[in-house]
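Here's the structure we're looking at; comments come further down.
The values are calculated or read from the model by the stated rules, or taken from the named source; none is laboratory data. Everything numeric here is computed off the predicted structure, so don't read it as measured data. We place every Cβ from the backbone using ideal geometry, glycine too, and count neighbours over all the protein chains shown.
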Amino acid sequence: MDKDLQGKTALVTGGASGIGKAVALLYGQHGARVMVSDVDEEQGQQVVEQLQMGGAQAQFFKADVGDAAQCRQLVQETVAAFGTLDMACNNAGITGELSLTADYSLEGWQRIINVNLNSVFFCLKYELEVMLKQGTGSIINMSSILGQVGTPTLAGYVTAKHGVIGLTQTAAQEYAAQGIRINAVGPGYIDTPLLSGFSAGTKAGLVALHPIGRLGRAEEVAELVVWLSSEKASFVTGSYYPVDGGYLAR
């Protein structure tokens, strides 16, 4: 494994499972020090143990990223633990309520926007404060294929993921000259715990939406995130990259 991130610090939200876990582990394999954050402390600590067993420096910090103060503390704790913040993957998110738009509850709407959109802004804001002092950094915001298209019963999720792309493009323009790159990644349907409640028939229907003929793997998304984080992507900012098995090409 190329240790191209040796000596750098990475922060991953939603890092206890799924895509976030895969990103955290791959950061560690590439030599980075990793701060893993999630609301699930038990699984988050397990990810840290995996990282440490692989030779990486890693810590866990429990944070609800829907709370701005906790996002600020998370960034502060990362810098206190490792000295820098070179890369961040703002990945934490939920599926949220499944309802037609007119039936969508106000509480469900507020929750999905807070967890999937406000949290990205909160983390981005405090990550940028650190990276501006350093004069360098790379931030990857996790959107979705549904950040580009709509789908019935997911008004909250779709709105939040569209917002993540707009926020990414705006911030990328604002801070490119200061040495900070900001990009968004849009996974298709990935075989993660978020799909654990879906029936076999529903999963088969999702597979049919991807011309490649299968669901994605979290590790495939992680490969793109780590590339965007590295100097190999030094001329890439303000971009949105689907990892979707051809979903958006249909």
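Restricting attention to segment 100-139 and to residues that are under 23 Å from residue 23 (Cα atoms), hydroxyl-bearing (Ser, Thr, Tyr) and over 13 Å from the mean Cα position of the chain (by Cα), the residue that is surrounded by the most Cβ atoms within 10 Å (Cβ to Cβ) turns out to be 126.
Beta carbons closer than 9 Å, at least 6 apart along the sequence or on distinct chains, pair a first residue in segment 167-181 that is in contact (Cβ under 8 Å) with a residue 24 or more places away in the chain and surrounded by 13 or more Cβ atoms within 10 Å (Cβ to Cβ) with a second that is outside any helix (DSSP H, G or I) and basic (Lys, Arg) for 172/181; 175/181. Taking the numbered list (1) of a type outside the set (Val, Ile, Thr); (2) more than 13 Å from residue 35 (Cβ to Cβ); (3) under 14 Å from the mean Cα position of the chain (by Cα); (4) modelled with pLDDT of 95 or more in turn, residue 93 passes all entries but (4).
Summed over segment 133-167, residues that are β-branched (Val, Ile, Thr) and not in a loop (DSSP other than H, G, I, E, B) total 7.
Taking each residue of segment 196-211 that is assigned to a helix (DSSP H, G or I) and looking for partners that are of a type in the set (Lys, Arg) and modelled with pLDDT of 85 or more with beta-carbon atoms closer than 8 Å, six or more apart or interchain, yields 207/214. Evaluation of residue 49 against the conditions (1) over 23 Å from residue 197 (Cβ atoms); (2) surrounded by 17 or more Cβ atoms within 10 Å (Cβ to Cβ); (3) of a type in the set (D, E, K, R) shows that the sole unmet condition is (2). Screening 37, 99 for residues that are farther than 21 Å from residue 119 by Cβ and touching a Gly at 6+ places or on another chain (Cβ under 8 Å) leaves exactly one candidate, 99. Could you please let me know if residue 68 is over 22 Å from residue 232 (Cβ atoms), touching a residue at least 40 places away in the same chain (Cβ under 8 Å) and touching a Phe, Trp or Tyr at 6+ places or on another chain (Cβ under 7 Å)? The answer is yes for residue 68.
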